[in-house]
Amino acid sequence: MTEQKWADVDAYIADRLVGADDALTEMLAANAAAGLPAIDVSPPQGKLLYLLARMIKAKRVLEIGTLGGYSTVWLARALPDDGIVVTLEVDPHHAEVARANFQRAHVAGQIDLRVGRALDLLPIVAAEGLGPFDLVFIDADKASMPDYIAWALKLSRQGSVIISDNVVREGRVIEAASGDPAIDGARGSFDLMAREPRLDATAIQTVGSKGWDGFALAIVE
Ligand code: SAH
Ligand code: DHB
Ligand code: MG
């Protein structure tokens, strides 16, 4: 299988099951025009986040790593009217683009976007009592993944779901001595999920329009 074929199949899945959506299409165009990297989740993955949030009837969602807000909009759309996504982004330019996207997609009222380093913002989120969150989506700097899992646990309740993106990285996750902090972060998150008795987890490899990667999925006991 070539990467082109992975992308073609993603396009087929999106065509059949995700559907054309002006707001999301415009959002990706706005991100590209603003110079944001195209590292958002793919359309089928965005819909997966939406479906998982719906399946657990999530009302409170925490996202770490907003970029232009593509995954944020998918998550917000899964929520009831009184639901909220708290999303954390370190780059003010990304945050500005995301805010405009939230307005355009008519979900701004359900999104609480905070700008700063996630490890600085998470104690504030905790102190403000914005949790416990039903679902946490971790998708920021990969080196901090273990710290984010630990924070997600602190801000969770029994039954909360924690999803981390980019845990496979073209298979490089099995390189114990990669010297790459992003790989060490992914590996550290596996170690934490393995030894933490409050987490029951798996990881799924994915191919598609964003190449070969994967996500980890855990439930809080
Ligand atoms: N979730 C998005 C993609 C996020 S890309 C989507 O699927 O649409 C990762 C984002 O994390 C980038 O915007 C980057 O600026 C942000 N980021 C990197 N380090 C961060 C940190 N320490 N705190 C918060 N955000 C961070
Ligand atoms: C990167 C970040 C992501 O969240 C992603 O899905 C793909 C790549 C990156 O920082 O390279
Ligand atoms: Mg990602």
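The values are calculated or read from the model by the stated rules, or taken from the named source; none is laboratory data. Computed from a prediction, not measured in an experiment: that's the story for all the values here. Cβ atoms come from the backbone with ideal geometry, glycine included; neighbour counts cover every protein chain shown. SASA here: full protein model, heavy atoms, side chains in, ligands and nucleic acids out. Shrake-Rupley method; radii C 1.70, N 1.55, O 1.52, S 1.80 Å.
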Item to check | Long-range amide H partners of V41 with built H, under 5 Å | outcome: S71
Checklist entry - Counting pairs of alpha carbon atoms under 8 Å apart in space and at least six apart in sequence, what relative contact order in percent does the chain give? => result 20
Checklist outcome for this item: With a 1.4 angstrom probe the carbon and sulfur portion of accessible area for the chain, in percent, totals 55
Checklist outcome for this item: Flagged as over-length at 24 Å C-alpha distance, from K59/K154; K154/K210; K5/K57, the pairs are K154/K210; K5/K57
Item to check | Contour excess over end-to-end distance, with Cα ends at R54 and D191 and 0.36 nm allotted per residue | outcome: 46.4 nm
Checklist entry - Out of I39, V136, M55, whose Cα points farthest toward the positive end of the dipole of the stretch 1-137 (charges: +1 Lys, Arg; -1 Asp, Glu; placed on Cβ)? => result M55
Checklist outcome for this item: the chain accessible area per residue, 1.4 Å probe, protein heavy atoms, integer Å², reads 48
Checklist outcome for this item: Largest-first ranking of D8, D112 by accessible area, probe 1.4 Å, whole protein assembly kept, is D8, D112
Checklist entry - What order, most packed first, do the peptides 113-121, 185-193 have when packing is the mean number of other Cβ atoms within 10 Å of each residue? => result 185-193, 113-121
Item to check | Rounded Å value of the spacing that divides the Cα centres of the stretch 123-186 and the stretch 67-117 | outcome: 19
Checklist entry - Taking the alpha carbon gyration tensor of the chain, what are the square roots of 5 times its eigenvalues, largest first, to the nearest whole Å? => result 24, 23, 17
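Once the piece of chain linking S178 and Q205 is laid out straight, how much longer is it, given 0.36 nm per residue of separation minus the C-alpha distance between them?
That works out to 7.8 nm of additional length.
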Item to check | Efficiency of FRET from Cβ geometry, D81 and L119, R₀ 30 Å, rounded to 0.05 | outcome: 0.45
Next on the checklist: At 1.4 Å probe size, what's the solvent-accessible area of T66? Round to the nearest 10 Å².
Outcome noted: 0
Checklist entry - Can you list the residues, at least 5 places off or on another chain, whose amide H is less than 5 Å from the amide H of L199, using H built in the peptide plane? => result E221
Next on the checklist: For a quick check: with amide H placed at 1.01 Å from N, whose amide H comes under 5 Å from E63's, ignoring anything fewer than 5 positions away on the same chain?
Outcome noted: V86, T87, L88, F137
Checklist entry - So what J values fall out for the stretch 21-37 if you push phi through Karplus, 6.51 cos²θ - 1.76 cosθ + 1.60 with θ = phi - 60°, rounded to Hz, Gly and Pro as x? => result 8, 4, 4, 6, 4, 5, 5, 5, 5, 5, 4, 5, 5, 8, x, 6, x
Item to check | Per-residue ³J(HN,Hα) for the stretch 67-83, Karplus 6.51 cos²θ - 1.76 cosθ + 1.60, θ = phi - 60°, Hz, x for Gly and Pro | outcome: 6, x, x, 4, 5, 4, 5, 4, 5, 4, 5, 7, 8, x, 4, 8, x
Checklist outcome for this item: Computed ³J(HN,Hα) along the stretch 130-141: with the Karplus parameters 6.51/-1.76/1.60, θ = phi - 60°, integer Hz and x for glycine or proline, the list is 6, x, x, 8, 7, 9, 10, 10, 9, 7, 10, 5
Checklist outcome for this item: Surrounding charge for S144, neighbours by C-beta under 11 angstrom, Lys/Arg +1, Asp/Glu -1, total -1
